[in-house]
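Written out below as structure tokens is the structure these notes cover.
Readers should treat all values here as calculations from the given coordinates under stated rules, not as data from a laboratory. Treat the numbers as computed from the prediction; the structure is a model and nothing was measured. Note that we place each Cβ from the backbone using ideal geometry, even for glycine, and neighbour counts take in every protein chain shown.
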Amino acid sequence: MSAMLHEDNVGNWQVFPDTEAVANAALHLILQAAEQAIASEGIFRIVLAGGTTPEKVYRLLVGQACDWQRWQLYLGDERCLAQDDPERNSVMIRQCLLDKVGILPENIHFIPAELGAEAAAATYAAQLADKLPFHLVMLGMGEDGHTASLFPGHVHNQQELVHAVHNAPKPPPERVSLSQCCLSQTQRLLILVTGVGKHDAVKQWQAGHDLPVARITSYRQTDILLDKAAAGA
Ligand code: 6PG
């Protein structure tokens, strides 16, 4: 299925023909991670992402025979907008996935970004503190190499689990993001990168530049799935 595969200390890089193939591969990795986590611990803690590629994965998850009641769902970042704003990651995820599968409402842990960045970050950090590590963190990457809402050049307190983000270059400017150290407390990391607009950042990442996305690590397995356009293949 993949056109190229190589493994190194920063993960398994795989290039697929198009976005649909990336989403399908991501689906299979998620299903496998869920099955393993539920078999060994009876619970699957997953962090979901915003963005167009993850959205395709959520649509594919609908209709899968998963043990949804054992899923605990978290978000990697959120935009500080009203709770029902269509630009919220939570709204997109609810519409594509949660309205259609049986994840228990009490197991859906959205970021309360409507409270404002500072209050939401503090509240979410308290919620997450005893839930780590995650079983799987899924992330997208922006054209500037950002991931979640960790943007190049932004300085945060590295000890925090969750950051209040101001002046984000991608609208809206006010956001909340899990930190590098929080996102890296995961068994598996899955990064989805599609579209020609990401190619420059991919080149920088592969050349060892210090991009936010390049800083996230995992305990066991990191998979970076790209389409040909992003990979420049
Ligand atoms: C957000 C996202 C952000 C996103 C990337 C990639 O809230 O904006 O969490 O980090 O994942 O910008 O987005 P695309 O897949 O749409 O390019």
(message) Beyond a 30 Å Cα-Cα separation, which of these cross-linked pairs lie in this structure: 100/203; 131/228; 100/131?
(response) 100/203; 131/228
(request) With θ set to phi - 60°, apply the Karplus curve 6.51 cos²θ - 1.76 cosθ + 1.60 along the range 114-128 and write out the HN-Hα couplings as whole Hz, x wherever there is a Gly or Pro. (result) 5, 6, x, 4, 5, 5, 5, 4, 5, 5, 5, 4, 5, 5, 7
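With the Cα gyration tensor of the range 117-233 giving a ≥ b ≥ c as the square roots of its eigenvalues, does the rule (a/c under 1.5 for rounded; else a/b larger than b/c for prolate; else oblate) give rounded, prolate or oblate?
Because a/c hits 1.5 or more and a/b fails to exceed b/c, the range 117-233 counts as oblate.
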(request) Fewest Cβ neighbours within 10 Å first, please rank 103, 111 accordingly. (result) 103, 111
(request) Return the ratio Rg/(2.2 N^0.38 Å) for the range 63-110, where Rg is computed over Cα atoms only. (result) 1.17
(request) About the Cα centre of the chain, how large is the charge dipole given +1 on each Lys and Arg Cβ and -1 on each Asp and Glu Cβ? Please answer in debye to the nearest 20. (result) 260
(message) Neighbour counts of other C-beta atoms within 10 Å: give me 149, 90 arranged from fewest to most.
(response) 90, 149
(request) Counting only C-alpha contacts under 8 Å and six or more residues apart, can you give the relative contact order of the chain as a whole percent? (result) 24
(request) State the antiparallel share, in %, of DSSP beta bridges confined to the range 1-138, rounding to the nearest 5. (result) 35
(message) Rounded, prolate or oblate, given the Cα gyration tensor of the range 53-208, with a/c below 1.5 counting as rounded?
(response) rounded
(request) Report the extension gain between residue 87 and residue 219 in nm, rounded to one decimal, defined as 0.36 nm multiplied by the number of residues separating them, less their alpha carbon distance. (result) 44.3 nm
(request) Please arrange 78, 143, 114 by counting, for each residue, the other beta carbons lying within 10 Å of its beta carbon, fewest first. (result) 143, 114, 78
(request) Under a 10 Å cutoff between Cα atoms, tell me which one of 104, 139, 189 has the largest fluctuation in the Gaussian network model of the chain. (result) 104
(request) Write down the percent of antiparallel bridges among all DSSP beta bridges whose residues are both part of the chain, to the nearest 5. (result) 35
(message) Through the Karplus equation 6.51 cos²θ - 1.76 cosθ + 1.60, θ set to phi - 60°, convert the phi angles of the range 75-92 into ³J(HN,Hα) values in whole Hz; use x for Gly and Pro.
(response) 10, x, 7, 8, 9, 7, 9, 4, 4, 9, 5, x, 7, 6, 4, 4, 5, 4
